[in-house]
1. Go over the candidates Ala296, Ala277 one by one and state the one that is more than 17 Å from Ile382 (Cβ to Cβ) and not assigned by TED's automatic domain parsing to the domain that holds Phe182.
2. List the number of the failed condition for Thr76; all other conditions in (1) at pLDDT 85 or above; (2) under 30 Å from Arg137 (Cα atoms) hold.
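The values are calculated or read from the model by the stated rules, or taken from the named source; none is laboratory data. Note that the structure is a prediction, hence the values are computed from the model and not measured. Methodologically, a virtual Cβ is constructed for each residue, glycine included, from the backbone with ideal geometry; neighbour enumeration extends over all protein chains shown.
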Amino acid sequence: MGTHQHNTKLLIVDDLPENLLALSKIIEQNDRTIFQASSGEQALALLLEHDFALAIIDVMMPGMDGFELAELMRGTERTRNVPIVFVSAAGKELNHAFKGYETGAVDFLYKPLDIAAVKSKVNVFVALCQQRIEVKRQVEALEESRRELRATQAELERSVQMRDDFMSMVAHELRTPLNTLFLETQLREMQLAKGNQGAFSEENLRKMVARDGRQIHSMIRLINDMVDVSRIRSGKLSIRPADTELSALLARIVSDLAQRTEAAGGTIALNAPSTVAGVWDEFRVEQIIINLLTNALRYGGSKPVTITLRKRDGWADIEVRDQGVGISPEDQLRIFKPFERAGTKDVREGLGLGLYIARQLAESHGGTLDVRSAPDQGAAFILSLPLDSSQLSPA
């Protein structure tokens, strides 16, 4: 792992301007910034504002001397660990070194200064500071890598769990229509074996064909959903735009769903007073609308469902509104995710792929699919499609 160059801050404290200037010239380099203070008070203000790798403090200063400044530094949390090098006039006070180490000095420089020694000592502290910062950066990077690894592991575990749940749901959802078809087949075999031709009257055959058709349709729907999800995730979802008029399309969809609407004990009211034309994939738009209407009938509690077509600035809006139990704010956040189902104690079916696919199809048209709802106040799903065909993103 490579190191990052850091600009290191150094503090020089001396009451004489000529000493500050001389020491600055000795230790200056491109990788460091030198701050100067002519009193202990100025030094403390700088120490509280910046992080210094080293403080070089003259012992003898009027007012607050170097030792008093060092004692204040050692008593303050922010400045406690800043290394201190005292500068002293050799021979003036023999107890300077002893007092210095009591206050936390790490070294002494004696006047007249040995330029090479000063440079060498300062270089050591700068290198130590940069190493410390680099180690801290690497530790933080390592912790970030660990967090990312834990997040990736959690995502993988969630994906595995989702796959297992998905396979379980698929098996469960396919088992019901398959079991029904199997039982129907066994029953017919028994009737044939007994020679009971009356069981195959025209009326009974029509009922058998209708039941078979419903079960086969359920399996086809499940398989189509799985195929669409696979295409979405691999970026191969097919969009084939062509001239489409939404008012006529909605009227045809409502008509095609008439039998299912009647079976659900509900009604669908279409409000599309004017034609709205654009360039969309009619099959995919129909797929979205059928999903929304099917859900509205399923969760609407046999109350009327309304589908409304509006045209606004550059957009066509199709709203499907039911008067059912509504959707909680928590469920609104997850129902557009794959394998998620809001469900109720009375209704819980399918793979939870419908709204996920519908939103992906809307976005493939450069549009949006959103929901507005509150518990016990029904739900309104709004499909917005751009009238500008350049928004389309065909596969």
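1. Answer to the selection: Ala277.
2. Just one mismatch for Thr76, condition (1).
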